[in-house]
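Input: a single structure, listed below in structure tokens.
The values are calculated or read from the model by the stated rules, or taken from the named source; none is laboratory data. Here the structure is a predicted model, which is why all the values come from computation and not from measurement. Backbone-built Cβ (ideal geometry, glycine too); neighbour counts: all protein chains shown.
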Amino acid sequence: MGKPFEGKVALVTGGSTGIGQSTALTFAREGSKVVVVNSRNVERGQETVSLIKNAGGEAIHIKADISKAGEVEAIVNKTIETYGRMDFAFNNAGVGDKLALTADLTEEEWDHTINVNLKGVWLCMKYEIKQMLKQGAGAIVNMSSIIGLVGLKGSPAYTASKGGVIQLTRTAALEYAQSGIRVNAVCPSFVATPLNKSLLANTPELEKTIKTVLHPVGRLGEPEEIAEAVVWLCSDRASFITGHAMAVDGGYLAQ
């Protein structure tokens with residue numbers, strides 16, 4: 001019996017580590033060819049590709065800045081040039097912001113966060129959708145956050161960017177629902193990514209709060225758990241779901 005995504009192609013931005021890497025590997029496990037994109041550490045991006053190839057899959061790496069239109073267009077062009085199609089996209093690349101109150105955040109910090117987290121997702125969708133329209137089908141999942149659904153003191157740019165991603169997701173879902181293109185978002189809470197593990201190692205009281213108060217399940221999420229949600233949303237098993245912001249949060253928002 002063949003794999004469900006055999007013959008399909010998935011694009012994953014921010015695919016060099018954490019949730020992005022786990023999702024790239026999960027797409028590959030399901031049979032998809034994978035295009036791994038990241039902007040900084042080329043070696044890490046190529047490491048994801050190596051992991052996929054070592055497991056018998058197909059993948060390429062592209063270094064690109066998703067906040068720049070020309071580079072995003074080049075990602076899509078390279079994907080089509082290499083594999084001839086693009087069926088799935090996980091627009092995962094993003095940045096955190098420096099914790100500051102709304103009146104204290106600098107314009108430079110605001111612009112950087114919005115340019116990557118919100119403008120970058122819009123640019124990715126802009127070019128992904130154009131290709132998917134040619135094919136007559138496609139599924140896109142955007143990376144938001146529980147902090148796109150609720151507020152967080154001291155994080156004005158990040159919360160605005162992630163809330164914006166949800167509204168952008170809903171709008172695109174409505175626009176292309178009858179064109180065979182589904183657009184959804186995932187909203188994780190605290191996940192045990194390398195970045196978060198490093199942060200929590202220095203703030204044990206925060207880790208305790210997450211496990212005892214914020215997450216009713218009593219632990220952090222795992223990158224693989226977010227990856228499974230993304231890949232499911234792209235699959236035919238989720239064929240009636242579009243415009244949805246799915247919380248993958250260990251019960252955070254149920255409180």
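Just to check your reading of the model, which residue among 238, 227, 245 is aliphatic (A, V, I, L, M) and more than 20 Å from residue 95 (Cα to Cα)?
Working: 227 fails: more than 20 Å from residue 95 (Cα to Cα); 245 fails: more than 20 Å from residue 95 (Cα to Cα).
Only one candidate passes the filter, namely 238.
Could you identify the single residue in 28, 69, 74 that is buried (at least 20 other Cβ atoms within 10 Å of the Cβ) and at pLDDT 95 or above?
Values: 69 fails: buried (at least 20 other Cβ atoms within 10 Å of the Cβ); 74 fails: buried (at least 20 other Cβ atoms within 10 Å of the Cβ).
Of 28, 69, 74, the one residue that is buried (at least 20 other Cβ atoms within 10 Å of the Cβ) and at pLDDT 95 or above is 28.
Please determine, by comparing only the residues of the range 192-235 that are small (Gly, Ala, Ser) and touching a helix residue (DSSP H, G or I) at 6+ places or on another chain (Cβ under 6 Å), which one is nearest to residue 249 (Cα to Cα).
Taking the range 192-235 and keeping what is small (Gly, Ala, Ser), we get 192, 198, 201, 218, 221, 227, 229, 235.
From the residues that got through so far, the ones that are touching a helix residue (DSSP H, G or I) at 6+ places or on another chain (Cβ under 6 Å) too are 218, 227.
On the way: 218: 11, 227: 13 Å.
Looking at residues that are small (Gly, Ala, Ser) and touching a helix residue (DSSP H, G or I) at 6+ places or on another chain (Cβ under 6 Å), I get 218.
Only one of 185, 238 is crowded, with 18+ Cβ neighbours inside 10 Å, in contact (Cβ under 8 Å) with a residue 24 or more places away in the chain, touching a strand residue (DSSP E or B) at 6+ places or on another chain (Cβ under 6 Å) and under 19 Å from residue 137 (Cα atoms). Can you tell me which?
Details: 238 fails: touching a strand residue (DSSP E or B) at 6+ places or on another chain (Cβ under 6 Å).
Only one candidate passes the filter, namely 185.
Hey, can you tell me all the residues within the range 205-223 that are closer than 17 Å to residue 187 by Cβ, out of contact with any Phe, Trp or Tyr (no Cβ under 7 Å at 6 or more places or on another chain) and either buried (at least 21 other Cβ atoms within 10 Å of the Cβ) or of a type in the set (D, E, K, R) (or both)?
222, 223
Picking from 42, 34, 49, which residue would you name as being under 23 Å from residue 129 (Cβ atoms) and aliphatic (A, V, I, L, M)?
Values: 42 fails: under 23 Å from residue 129 (Cβ atoms); 49 fails: under 23 Å from residue 129 (Cβ atoms).
Just a single option satisfies the conditions, and that option is 34.
Pairs please, first residue from the range 26-47 and over 9 Å from residue 5 (Cα atoms) and in contact (Cβ under 8 Å) with a residue 60 or more places away in the chain, second anywhere and β-branched (Val, Ile, Thr) and buried (at least 17 other Cβ atoms within 10 Å of the Cβ), Cβ atoms under 8 Å, 6+ apart in sequence or on different chains.
26/230; 26/231
In this structure, does residue 23 turn out to be among the β-branched types (Val, Ile, Thr) and closer than 14 Å to residue 230 by Cβ?
Values: among the β-branched types (Val, Ile, Thr): yes; closer than 14 Å to residue 230 by Cβ: yes.
Answer is yes for this residue.
Please enumerate the residues belonging to the range 223-255 that are under 15 Å from residue 30 (Cα atoms) and in contact with a Pro (Cβ under 7 Å, 6 or more places away or on another chain).
235 - this is the single residue of the range 223-255 that is under 15 Å from residue 30 (Cα atoms) and in contact with a Pro (Cβ under 7 Å, 6 or more places away or on another chain).
Give the residues of the range 150-178 that are surrounded by 18 or more Cβ atoms within 10 Å (Cβ to Cβ) and under 25 Å from residue 237 (Cα atoms), sorted by residue number. Write out each step before concluding.
Initial filter on the range 150-178 (surrounded by 18 or more Cβ atoms within 10 Å (Cβ to Cβ)): 155-166, 168-169, 172-173, 176.
165, 166, 168, 169, 172, 173, 176 - these are the residues of the range 150-178 that are surrounded by 18 or more Cβ atoms within 10 Å (Cβ to Cβ) and under 25 Å from residue 237 (Cα atoms).
Regarding the range 205-223, can at least one residue be identified that is within 24 Å of residue 65 (Cβ to Cβ), within 15 Å of the chain's Cα centre (by Cα) and assigned to a helix (DSSP H, G or I)? Before you say what the answer is, go through the steps one by one.
Looking only at the range 205-223, we keep the residues that are within 24 Å of residue 65 (Cβ to Cβ), and these are 223.
Still in the list and also within 15 Å of the chain's Cα centre (by Cα): 223.
Now restrict to residues that are assigned to a helix (DSSP H, G or I): 223.
Yes, the conditions are met somewhere in the range 205-223.
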